[in-house]
1. Check E34 against each of (1) touching a helix residue (DSSP H, G or I) at 6+ places or on another chain (Cβ under 7 Å); (2) modelled with pLDDT under 70; (3) open to solvent by 40 Å² or more (accessible area, probe 1.4 Å); (4) not aliphatic (A, V, I, L, M) and name the one condition it does not meet.
2. Filter the stretch 179-218 down to residues that are among the small types (G, A, S) and under 23 Å from E19 (Cα atoms), then give me how many there are.
3. Evaluate the following for T196: is it among the polar types (S, T, N, Q) and surrounded by fewer than 14 Cβ atoms within 10 Å (Cβ to Cβ)?
4. Given the conditions (1) aromatic (F, W, Y); (2) modelled with pLDDT of 85 or more; (3) farther than 30 Å from G309 by Cβ, which single one is not true for Y91?
Amino acid sequence: MNNKKMLSDELLTRWLSGEADEREREAVAAWAGESPEREQELLEMKKVFLASFIQNGNSESAGKKRSKVRRLLLGSLSAAAASALLIGVGYMTSSELHPQPALSALSISAPSGQTSSMMLSDSTTVWLNSNSELQVADGVKGERTVALRGEAFFDVAKDPEHPFVVKCGQRNIRVLGTSFNVSSYSPEHFAIDLLTGKVEMSDENGFTCTLSPMERLEFNDGKYSKTRIGSTEERGWMDGFYHFNDISLRDVIRSIGNYYNVTIGFADPSLADLRCSCTFRKEDSLSHILSVICKAYKGELGYRISPDGDSAVIFRK
């Protein structure tokens, strides 16, 4: 029996599209909390919807989006295809799934080489990248507050009366209902990619910036920059891939190092500015990835991994 038929297609459509009100979110959460299988099915459907939405951008009308969700619910996407989109899912209990003004306190982490996803008590869904941790505090009154170290994709449940706040060190991201990717492994490098909605970022020095859909805010080399993003390949990690399209080798190595929790450096600092386009699977080994990168530069680069596997260096031959 297909469990999702126990909820109406219209209700699931509204929930997946982020249009459900609090009463409807409670109904979906109560249904999902009755068994791990239902929670898994719900997160699968949410992941499939987001993946489809990311791939096609956010320019579709509301009617087209609802039509797309309905097609997914009616079975145009196979269960195998849905499962292929999952990385690793952590599930909450039914009481934790029930919407509350403040989030229940807990700590979630994704070890090196792994990713995970979960649903918070307010129906917000979160995907954690490798070597990342999310602290969920009870927050100040009237706010839903989490603290992130690492990288995560958030699909925040709409609740105008209770803003959602992501703390990244001395930076705060404030949202109402939106979907966005945050990378904050270190204070020296920080990035937000906004898919839907609107977010406001502020830091300890009084800098404030508001992002609109398909914009990126990045902090690098001691300064902020805001740019338009034409695609969302950077979130390929949610589906088991890393996509890099004509970016600096420095940024490629940073992402790989974060995933494997390895410090990767350059014997010649000028190598960091080389441009790189490549795609890797998450199951690829560090040595394989570094070998492919070095060969892409006509064999002029080489690499060494330390005996303990904690560090690596790329050098010019």
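The values are calculated or read from the model by the stated rules, or taken from the named source; none is laboratory data. Quick caveat: nothing in here was measured; it's all calculated off a predicted structure. We place every Cβ from the backbone using ideal geometry, glycine too, and count neighbours over all the protein chains shown. Just the protein is used for accessible areas: all its heavy atoms, side chains included, with ligands, DNA and RNA removed. Shrake-Rupley method; radii C 1.70, N 1.55, O 1.52, S 1.80 Å.
1. The failed condition is (2).
2. Residues meeting the conditions: 3.
3. The answer is no for T196.
4. (2)
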